[in-house]
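Data block below; observations after.
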Amino acid sequence: MISRQIPRCTLLFAVVGMAALSSACDRPPSVELKEWSPADHEGEKKAGENAKQGARGESSETGRGAASLVDITWRNQCASCHGPQGKGDGPQGPMFKAPDLGRADWQARVKDDEIAATIQNGKGRMPKFDLPDEIVRGLVTRVRSFREQ
């Protein structure tokens with residue numbers, strides 16, 4: 001009769017794993033979690049409404065929110081190549097030959113509409129980004145702020 005036995009190391013790993021999992025369940029969470037309530041979504045609804053109003057130019061508070069979104073977009077989508085100050089010195093900048101967006105000759109040569117089109121359609125190795133017009137305008141303003149003095 002052929003008997004199939006579970007290898008001892010597998011059994012040992014299973015026992016150790018179960019012990020580790022059961023001991024973790026006895027500890028309280030390391031972060032204090034608050035109880036969820038339906039009112040928690042009210043803030044999200046207001047933020048969504050404010051963003052819609054801001055896109056139509058209705059609220060200065062949302063304008064600050066849009067500026068924040070432009071900053072987040074720059075950090076997440078642009079800075080990895082162009083760097084935090086647009087110098088082309090982001091971690092991936094040398095690999096993609098990202099230009100220094102503050103150079104006076106580049107700033108003089110490129111129009112705002114061209115910058116916006118490059119963001120929206122991509123160019124060379126730069127991918128296109130599907131962003132709201134308000135964010136694209138904010139990114140164009142940010143690129144212009146890099147102008148050498």
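The values are calculated or read from the model by the stated rules, or taken from the named source; none is laboratory data. These numbers come from a predicted model, not from an experiment. No Cβ is skipped: glycine too gets one built from the backbone with ideal geometry, and neighbour counts run over all protein chains shown.
Pairs are defined by a Cβ separation below 8 Å, a sequence spacing of at least 6 or placement on different chains, a first member in the range 65-79 that is within 18 Å of R125 (Cα to Cα), and a second member that is in a helix (DSSP H, G or I) and not β-branched (V, I, T); the pairs so defined are W74/L139; W74/R142; C78/L139.
For the range 105-123, give me the residue count where each residue is over 18 Å from N76 (Cβ atoms) and free of Cβ contacts under 8 Å to residues at least 12 places away in the same chain. Residues meeting the conditions: 11. Mind checking whether some residue in the range 97-112 is within 13 Å of G138 (Cα to Cα), at pLDDT 90 or above and part of a helix (DSSP H, G or I)? Yes, the range 97-112 has at least one match.
Taking the conditions exactly as written (modelled with pLDDT under 90, within 20 Å of D133 (Cα to Cα) and out of contact with any strand residue (DSSP E or B) (no Cβ under 7 Å at 6 or more places or on another chain)), does N76 satisfy them or not? Outline the logic, then answer.
On the way: modelled with pLDDT under 90: no; within 20 Å of D133 (Cα to Cα): yes; out of contact with any strand residue (DSSP E or B) (no Cβ under 7 Å at 6 or more places or on another chain): yes.
No: the conditions fail for N76.
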